[in-house]
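For reference, the structure discussed in these notes is given below.
The values are calculated or read from the model by the stated rules, or taken from the named source; none is laboratory data. Note that this is a predicted model, so its numbers are computed, not measured. All Cβ positions, even for glycine, are placed from backbone atoms using ideal geometry, and neighbour counts span all protein chains on display. Note: accessible area is taken over every heavy atom of the protein model, side chains too, but ligands, DNA and RNA are not part of it. Shrake-Rupley method; radii C 1.70, N 1.55, O 1.52, S 1.80 Å.
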Amino acid sequence: MTIYAVTYRYSDDVAKRDRVRPEHREYLRGLADRGLLLLSGPHGPGEPPGALQLFRAADKAEVSTLIEKDPFTINGVISSSETVEWEPVIGPLRSSI
């Protein structure tokens, strides 16, 4: 299985993001429980509103399907996303992914 890095950019509708966040996180926990989502988290304060996620999947199409089913996508919270194949080479987390 390949690792994919996904970057989300959020829409400006903070109220909608806050309202949908519990459903979004529940969905992501389910993906993590299945071993598909390795890490997920929002950008820090002062950064553009968005998030970074690392997936383990057979191919980019599988990741696209997972993103399409994310409540943030369904509800228009994500204004754009980018998915790239990622090859971890160095660092202490490498052995865990």
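Given Val20, Val6, which one is closer than 26 Å to Val89 by Cα and either in contact (Cβ under 8 Å) with a residue 12 or more places away in the chain or touching a Pro at 6+ places or on another chain (Cβ under 9 Å) (or both)? Give the derivation first.
Values: Val20 fails: closer than 26 Å to Val89 by Cα.
The match here is Val6.
Checking Gly30 against (1) touching a residue at least 12 places away in the same chain (Cβ under 8 Å); (2) surrounded by fewer than 18 Cβ atoms within 10 Å (Cβ to Cβ); (3) under 14 Å from the mean Cα position of the chain (by Cα), which test does it fail?
(1)
From the list Pro45, Pro71, which residue is of a type outside the set (D, E, K, R) and either in contact with a strand residue (DSSP E or B) (Cβ under 8 Å, 6 or more places away or on another chain) or open to solvent by 50 Å² or more (accessible area, probe 1.4 Å) (or both)?
Values: Pro71 fails: either in contact with a strand residue (DSSP E or B) (Cβ under 8 Å, 6 or more places away or on another chain) or open to solvent by 50 Å² or more (accessible area, probe 1.4 Å) (or both).
Pro45 is the lone residue from the list that is of a type outside the set (D, E, K, R) and either in contact with a strand residue (DSSP E or B) (Cβ under 8 Å, 6 or more places away or on another chain) or open to solvent by 50 Å² or more (accessible area, probe 1.4 Å) (or both).
Quick one: is Glu82 under 13 Å from the mean Cα position of the chain (by Cα) and either loosely packed, with under 12 Cβ neighbours inside 10 Å or among the aliphatic types (A, V, I, L, M) (or both)? Steps first, answer last, please.
Numbers: under 13 Å from the mean Cα position of the chain (by Cα): yes; either loosely packed, with under 12 Cβ neighbours inside 10 Å or among the aliphatic types (A, V, I, L, M) (or both): yes.
Yes, satisfied.
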